[in-house]
Amino acid sequence: MNNKQNRIKKVVIAGGGTAGWMTAAGLTKLLGKNLEVVLVESDDIGTVGVGEATIPTMHIFHRLLNIKESEVMAATNATFKLGIQFENWKTQGENYIHSFGFLGKDCWACGFQHFWVKGKQKGIASEIGDYCVEHLGARQGRFAVTPNQDLNHAYHMDASLYAKFLRRLAEQHGIKRIEGKISEVQQHMDGSISALLLESGELIEGDLFIDCTGFRALLIEQTLNTGFEDWSHWLPCDSAYAVQTKTTQEPVAYTRAIARDAGWQWKIPLQSRVGNGLVFCSKFMTDAEAKQRLIDNVEGEMLFEPRLIKFKTGTRRQHWNKNCVAIGLSSGFLEPLESTSIHLIQRSIIRLLQAFPSNGILAAEVAEFNRQTKIEMDNIRDFIILHYKATERTDTKFWRYCKDMDIPETLSHRMELFKQSGKVYKFAQELFGESSWLQVLIGQGLMPQQYHPIVDLMPDSELNDFLMSIKHNVKRTVSQYPTHHEFIQHYCKSSLV
Ligand SMILES: Cc1cc2nc3c(=O)[nH]c(=O)nc-3n(C[C@H](O)[C@H](O)[C@H](O)COP(=O)(O)OP(=O)(O)OC[C@H]3O[C@@H](n4cnc5c(N)ncnc54)[C@H](O)[C@@H]3O)c2cc1C
């Protein structure tokens, strides 16, 4: 395989949504000189048009591409995001925040939560978020990017403006964009893809094909029949209505995820508008009911009629198959509760760049790409399921289903470990760290039965001082920041406002 004949000289990206343009920008900027890159997209088909909340790993991608934060934010009408507020997930009326920050201070033997648990038992600790700068910053609406202490943050941004921003970048680096509908995917004798035939009759040949055609998965599934692992028994939501509204108030620095009768509603504040949507399970709520429920629960004038999107949660059995790599929705879908899809796109792009098959596709590289992608998706899947499983809600059929459902063994182990010992852990390549697991486990109402014995080496007065000093520092740090709104005005104001 590793000879001149098999060299990858031309890459064809099918699809121009967020996944297509991120891939295009990444490949042209980082490998462009040695490679011809072509992107095909169809304006008639359009993009999924959602996907506006991100997580901090976005910085890695932007750094690689030399994208300046204030520039991309102004161009995409973006606001800052310090975490997600989960409302009504544990019980109706109770809220918690999963922030991007680190909780308190760990010691060599155990995590901060062990000190906090004892503090709670003694009545000298307050809520866990008081020991985290990002958490308090989100609650108090304060934010800044400073040279000395960068808050762990992500963005809320306009998905279509982001695709346009990346398109400009990719075009500067030599991408060739072709507008047209793919009508046929042609294959070599060995089943690998040889060319895309457009409705116009144009034939686009290539060596490596990136499937960014969204849920259609035109290449990886419709052509290569790669197979799909269905996770909908664990994550039963299969539909969403999405709508944008005019802004009615200054944007908060967090995404809102509000649990509803048969799913949940998102509110994503941009500088000049709000992205809204209701994710729901069609077994427990009809499309018409969901649409009305969303309309009843948005603030501000709707900018268009709510749009219905149907999806299935799960993952492609291989993300790289023959000479086709699936990136974005074509590779699988985890519902947007923790805003992880764009992260997975950038992970796949970076992984592909690291394993780029310039001298021919190697079976071991393909296997490794698929193995790592699967591990990442499995871990995120478990983290999302936790929000549903660890509910105390029994008020609707949907929540009773979630509370009673079986869950992956990997997740039940984590939940049991935390309940019994207060321990959490992070695998080497896992996205969500200990602080993330803790905030959601505690936010959903799980409390450990015991804390690590090392905590008892600290007298109560010392424990009190320890907790107080962290809390005090967090409070002082946050009080020095301007408001989120003020900071945006000075740092990255959008021309749309
Ligand atoms: C309800 C919902 C909410 C979401 N929220 C978030 C979020 O908050 N955060 C997050 O990170 N992610 C979120 N996502 C995921 C995010 O929207 C996607 O990961 C992201 O938009 C990438 O989509 P894509 O580019 O893979 O597909 P698409 O946007 O669907 O793009 C597909 C492209 O393929 C082209 N195409 C398809 N068929 C053909 C054809 N025959 N010929 C030519 N071109 C073709 C289309 O024209 C289009 O350009 C959400 C997803 C859903 C469904």
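The values are calculated or read from the model by the stated rules, or taken from the named source; none is laboratory data. Bear in mind that the values here come from a model prediction, so they are computed numbers and not experimental data. In this analysis, Cβ positions are derived from the backbone assuming ideal geometry, glycine residues included, and neighbour counts consider all displayed protein chains. Ligands, DNA and RNA are stripped out before the accessible areas are found, and what is left, the full protein with its side chains, is counted by its heavy atoms. Shrake-Rupley method; radii C 1.70, N 1.55, O 1.52, S 1.80 Å.
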If N is the residue count of the range 277-396, its Cα Rg over 2.2 N^0.38 Å rounds to 1.36
Rounded to the nearest whole number, the Stokes-Einstein translational diffusion coefficient of the chain at 4 °C and 1.567 mPa s (Kirkwood radius, C-alpha pairs) in µm²/s is 54 µm²/s
With point charges of +1 on the Cβ of Lys and Arg and -1 on the Cβ of Asp and Glu, referenced to the Cα centre of the chain, which listed residue (SER339, ASN66, GLY20) lies farthest in the positive direction of the dipole?
ASN66
Trypsin sites (Lys or Arg not before Pro) restricted to DSSP loop in the range 54-91 with at most 13 other C-beta within 10 Å:
LYS68
Which percent of the accessible heavy-atom area of the range 73-139 goes to carbon and sulfur, probe 1.4 angstrom?
48 percent
Relative contact order (percent) for the range 55-157, with alpha-carbon contacts under 8 angstrom and 6 or more residues of separation?
38 percent
I'd like to know how the range 412-461 sits against the 2.2 N^0.38 Å rule of thumb: what's its Cα Rg over that expected value?
1.27
For a quick protection proxy, order the peptides 102-108, 112-118 by their average other-Cβ count within 10 Å, most packed first.
112-118, 102-108
Exactly which chymotrypsin sites (Phe, Trp or Tyr not before Pro) in the range 288-328 are in a DSSP loop and have at most 13 other Cβ atoms within 10 Å?
PHE304
Ignoring ligands, DNA and RNA, please state the percent of accessible area on the range 274-390 from carbon and sulfur, probe 1.4 Å.
53 percent
Any idea of the accessible area per residue across the range 329-390, 1.4 Å probe, to the nearest Å²?
27 Å²
Per residue, how large is the accessible surface of the range 117-194? Use a 1.4 angstrom probe and give square angstrom.
47 Å²
Lys/Arg Cβ at +1, Asp/Glu Cβ at -1, dipole of the range 410-497 taken about the Cα centre: which of SER436, VAL424, CYS492 is farthest positive-ward?
CYS492
Stokes-Einstein, Kirkwood over Cα pairs, the range 326-366, 25 °C, 0.890 mPa s; D in µm²/s equals 214 µm²/s
Just how large is the dipole of the range 376-425 about the Cα centre, in debye to the nearest 20, putting +1 at every Lys and Arg Cβ and -1 at every Asp and Glu Cβ?
200 debye
Set the Förster distance to 45 Å, then compute FRET efficiency between GLN172 and LYS105 from the Cβ-Cβ distance, nearest 0.05.
0.50
How much accessible area per residue does the range 400-484 have, in Å², with a 1.4 Å probe?
52 Å²
Which value, in Å³ per residue, describes the convex hull spanned by the Cα atoms of the range 1-82?
139 Å³
For the charge dipole of the range 148-217, defined by +1 on Lys and Arg C-beta atoms and -1 on Asp and Glu C-beta atoms about the Cα centroid, which residue among SER200, GLY174, LEU151 has the Cα displaced farthest towards the positive pole?
LEU151
With DSSP loop assignment and no more than 13 other C-beta atoms within 10 Å, the chymotrypsin sites (Phe, Trp or Tyr not before Pro) in the range 334-432 are TYR425, PHE427
Within the chain: Cβ-based charge dipole about Cα centre, in debye rounded to nearest 20 (Lys, Arg +1; Asp, Glu -1)
580 debye
Quote the charge dipole size of the range 334-470 about the Cα centre in Debye, to the nearest 20; the model charges only the Cβ of Lys and Arg (+1) and of Asp and Glu (-1).
500 debye
